[in-house]
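Input: one structure, supplied below.
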């Protein structure tokens, strides 16, 4: 269990950190508990965020400081994983769209037999 002084120190560090988001037009700097309406607007318009979002970082896991190189490697790995998930989601959407087009072309309809 973490003692109160250490917890307060870590929370202050997290709240004092700039979390950088690379958007198509420019970089957006977010801070915990300090979002502005403009930040929310930019996330919706430039990044396609529809509703909720969160800050996710693989850096300094368990609040244990790692070297800049180790953190960079972890960021690269996270980036690759997110890209892979995005590619999979895109493939699923393409398949769903193809299936919908096939049904439309062949006037296929699902019927329920009671």
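State whether the range 1-54 is rounded, prolate or oblate according to the following rule on the C-alpha gyration tensor (a ≥ b ≥ c being the square roots of its eigenvalues): a/c under 1.5 gives rounded; otherwise a/b larger than b/c gives prolate, and the remaining case gives oblate. Present the calculation step by step, with values, prior to reporting the outcome.
Numbers: a/c = 3.24, a/b = 2.52, b/c = 1.28.
It comes out prolate by the Cα gyration axes.
Using label points projected 7 Å from each Cα along Cα→Cβ, tell me how many nm separate residue 25 and residue 82, to one decimal.
According to this spin-label approximation, the distance is 1.9 nm.
Taking 7 Å along the Cα-to-C-beta vector as the label spot, tell me the residue 92-residue 36 distance in nanometres, rounded to one decimal.
So the label points at residue 92 and residue 36 sit 3.6 nm apart.
Any read-out appearing in this document is the output of simple, stated calculations on the displayed coordinates, not a laboratory observation. Keep in mind that this is a model prediction, so the values were computed, not measured. Every residue, glycine as well, gets a Cβ built from its backbone with ideal geometry; the counts of neighbours run over all protein chains shown.
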